[in-house]
Amino acid sequence: TITPNNQAVVSQTVCQTTPITPIVFTIGGAATNAFATNLPNGLSGSYVSGIFTISGTPLVTGVFNYVVHTSGSNCNSTYPGTITVNSNDNISILPPALVNQTVCNNVAIQPIVYSLGGGATGGIVTFTPSQPVGITWNIVNNVITISGASNTIGTFTYTVQSFGICGQSTATGN
């Protein structure tokens, strides 16, 4: 027999490179060993004295329908579970954009374009010490574009931040 010690963690959703909550099963009956199939890379199973534990840190994304199997008896058992691994956010500059630019008063900057990927579902741009008048940003289909011309003199740092299910990312420039 295979009995989960905590049914609530048999199926989990985690972020890539974040450890799962260990999944512990008590192995009973005549079984003398246990193993799991279809675990994502980074997770493994360990059998010690009637206890089978799945643990680790998933390195790949996807939905993994795993199965715990017993062995060593004529009446082996199986027990299914699911581990869903979501992708962390990432931000990529799209060429030929220049991250840092120096321009003259009222001269347009070359558009700065970032792609939000992985698990990103959106993003925002903030400016320090303030957003220069005439410089704008927009987001369409997870692509952020910073553009415009300003007559505000100074150095302005911008930060692009992604939003998503897992591991927000940031990128900066000025």
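The values are calculated or read from the model by the stated rules, or taken from the named source; none is laboratory data. These numbers come from a predicted model, not from an experiment. Ideal geometry is used to build each Cβ from the backbone, glycine not excepted, and the neighbour counts take in all protein chains shown. What goes into the accessible areas is simple: the full protein's heavy atoms, side chains included, and nothing from ligands, DNA or RNA. Shrake-Rupley method; radii C 1.70, N 1.55, O 1.52, S 1.80 Å.
Pop out the carbon and sulfur fraction of the accessible area of region 72-160 as a percent, whole number, probe 1.4 Å. Don't jump to the answer; show the numbers that get you there.
Numbers: 2660 of 4830 Å².
Whole-percent figure for carbon plus sulfur exposure: 55.
Kindly give Rg over Rh for the chain, based on alpha-carbon atoms, with the Kirkwood expression for the hydrodynamic radius. Working shown, then result.
Numbers: Rg = 24.8 Å, Rh = 19.3 Å.
Here Rg/Rh amounts to 1.28.
Of all the C-alpha pairs in region 74-174, what % are more than 24 Å from each other? Could you put the intermediate results ahead of the total?
Working: 1719 of 5050 pairs.
Taking all Cα-Cα pairs of region 74-174, the fraction more than 24 Å apart is 34 percent.
With every protein chain kept in place and ligands, DNA and RNA left out, what is the accessible area per residue of the chain? Probe 1.4 Å, answer in Å².
Values: 9000 Å² over 174 residues.
Solvent-accessible surface per residue comes out at 52 Å².
Do you know the relative contact order of the chain, to the nearest whole percent, from alpha carbon pairs under 8 angstrom that are 6+ apart? Could the numbers behind the result be given before it?
Numbers: 439 pairs, mean separation 32.5, N = 174.
Dividing the mean separation by the residue count of the chain yields 19 percent.
Taking θ as phi - 60°, what are the ³J(HN,Hα) couplings along region 39-45 by the Karplus curve (6.51, -1.76, 1.60), each to the nearest whole Hz, with x for Gly and Pro?
7, x, 3, x, 10, 8, x
Once amide H atoms are placed 1.01 Å from N in the peptide plane, what residues at a sequence separation of 5 or more from residue 164, or on another chain, have their amide H within under 5 Å of its amide H?
121
Per residue, what volume in Å³ does the convex hull of the Cα atoms of region 1-104 enclose? Intermediate values should be presented prior to the final figure.
Numbers: hull volume 10.8 nm³, N = 104.
In region 1-104, the Cα hull volume divided by residue count equals 104 Å³.
With bins 10 Å wide starting at 0, give me the P(r) of region 98-152 over every alpha carbon pair, in whole percents.
Whole-percent P(r) values from 0 Å outward: 22, 52, 22, 4.
Which Cys residues of the chain have no other Cys beta carbon under 4.7 Å away?
75, 104, each lacking another Cys Cβ under 4.7 Å.
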